[in-house]
Amino acid sequence: MKRQMMLALVGAVALASCNMNRAPDVTGTTRKANFTPQLNTTTGSGYTAAAGTVDYVDITGGDRRTVLTMTGLKPNVSYVAHYHARGAAAPAATNDCASNGPIVGEPQTIGMPTTASATGTLTLKGLQATSTLSSAAYINVHEAGALAIVPLCADI
């Protein structure tokens, strides 16, 4: 009797663990955007070839999965990224990146601050609550130790 109970318990645990690794259901299509370099013309900025892409999709459960892939960053420097709402600093005819809008999203960062590789490449991944991103207009990538330095921005 004990053996049958033990086998039943092991079987139930094995079946339950099968669903733990299942990928979330996607409720929308992946949207893509390209980063625009913000500092390439700044003498001595160290960002002469900064580039990258944004991929994001809203998934079941109310989260947005965001993947930022970047190249041409300063090697071995830590970076952080945020969603921003459009701000009032730029005229309506300009792009959203120039508008200096407030940070939106919960959590406020896309993933954790992460250090670029020795070749200046970096991938940041994060999940934000979709309900907190309704006003999101662009994504900025900042140096984590100097938030005023924004090498890349993407209008979304």
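Taking all protein chains into account, the per residue accessible area for the stretch 91-156 stands at 48 Å² (1.4 Å probe). For the stretch 24-91, dividing the convex hull volume of the Cα atoms by the residue count gives 139 Å³ per residue.
With both labels modelled 7 Å from their Cα along Cα-to-Cβ, the residue 95 to residue 45 distance reads 1.1 nm. Hydrodynamic estimate: the Kirkwood radius of the stretch 58-155 over Cα pairs, inserted into Stokes-Einstein at 20 °C and 1.002 mPa s, corresponds to D of 156 µm²/s.
Taking 0.36 nm per residue of separation and subtracting the current Cα-Cα distance, fully stretching the chain between residue 106 and residue 53 would add 16.9 nm.
The values are calculated or read from the model by the stated rules, or taken from the named source; none is laboratory data. Not measured: the values here are computed from a predicted model. Here Cβ is always computed from backbone atoms with ideal geometry, including for glycine, and neighbour counts include all displayed protein chains. Calculation scope for accessible area: heavy atoms of the full protein, side chains included, ligands and nucleic acids excluded. Shrake-Rupley method; radii C 1.70, N 1.55, O 1.52, S 1.80 Å.
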